[in-house]
1. What are the residues in segment 26-48 that are in contact (Cβ under 8 Å) with a residue 24 or more places away in the chain, of a type in the set (A, V, I, L, M, F, W, C) and either touching a helix residue (DSSP H, G or I) at 6+ places or on another chain (Cβ under 8 Å) or open to solvent by 20 Å² or more (accessible area, probe 1.4 Å) (or both), if any?
2. Looking at (1) under 14 Å from the mean Cα position of the chain (by Cα); (2) open to solvent by less than 70 Å² (accessible area, probe 1.4 Å); (3) not β-branched (Val, Ile, Thr), which is the one condition that is false for residue 79?
3. Please enumerate the residues belonging to segment 73-95 that are of a type in the set (S, T, N, Q) and touching a residue at least 12 places away in the same chain (Cβ under 8 Å).
4. Scan segment 96-152 for residues that are free of Cβ contacts under 8 Å to residues at least 24 places away in the same chain, among the aliphatic types (A, V, I, L, M) and farther than 16 Å from residue 71 by Cα and jot them down.
5. Of the numbered conditions (1) part of a strand (DSSP E or B); (2) over 11 Å from the mean Cα position of the chain (by Cα); (3) within 13 Å of residue 46 (Cβ to Cβ); (4) of a type outside the set (Lys, Arg), residue 125 satisfies every one except a single condition; which is it?
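The values are calculated or read from the model by the stated rules, or taken from the named source; none is laboratory data. This is a predicted model, so every value here is computed, not measured. A quick note on method: Cβ atoms are made from the backbone with ideal geometry, for glycine too, and the neighbour counts reach across all protein chains shown. To get the accessible areas, we keep the full protein, side chains included, count just its heavy atoms, and leave off ligands, DNA and RNA. Shrake-Rupley method; radii C 1.70, N 1.55, O 1.52, S 1.80 Å.
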Amino acid sequence: MIFFWCVSFLLVVYFAIVLGNYFTHPPRDLGIVNQKLSACPDSPNCVCSQGESPAHLIEPIPYSGTAEQARQRLSRILSRQPGCRIIRQEGDYLHAEFRTFVFRFVDDVEFLIDSGQNVIQVRSASRVGYSDLGANRKRIETLRRQYAASND
């Protein structure tokens, strides 16, 4: 009987977490302001190539070719990522959401194609919580490797 109550409790907690994450809304500070992505909050669950905080700083993704070719290549790479959905593409800006498999946590990932420097500026931030155990940094580094290795 105790096993039944423990399993029931864990299922209720799991579904509460999943439903809570399902209905979270994107932060209001997404997008471009003065040709820059928003800075990261103080929490360690964010990385940004245009930020000033050393703890959150990550290198942008270099590209060759035109900005349009870079955007198309990035879109193709993102379309192959598990749990990724492209939310918005406007000009040189792209916003994608990544959802974790088990708890459905959402990370907002933004890209700004900087044709003046031939780099893709990046920002990846968890929507909820404080720590992400390095998940956002790992995601951007994985995307960087995939971008460098792709021939499309």
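1. 30, 32, 40, 46, 47
2. (2)
3. 75, 81, 89
4. Scanning segment 96-152 gives 102, 133.
5. Failed condition: (2).
For every residue, the table says whether it meets (1) surrounded by 15 or more Cβ atoms within 10 Å (Cβ to Cβ); (2) within 24 Å of residue 55 (Cα to Cα); (3) of a type in the set (D, E, K, R).
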{"position": "87", "(1), (2), (3)": "no, no, no"}
{"position": "90", "(1), (2), (3)": "no, no, yes"}
{"position": "98", "(1), (2), (3)": "yes, yes, no"}
{"position": "106", "(1), (2), (3)": "yes, yes, no"}
{"position": "109", "(1), (2), (3)": "yes, yes, no"}
{"position": "112", "(1), (2), (3)": "yes, yes, no"}
{"position": "120", "(1), (2), (3)": "yes, yes, no"}
{"position": "124", "(1), (2), (3)": "yes, yes, no"}
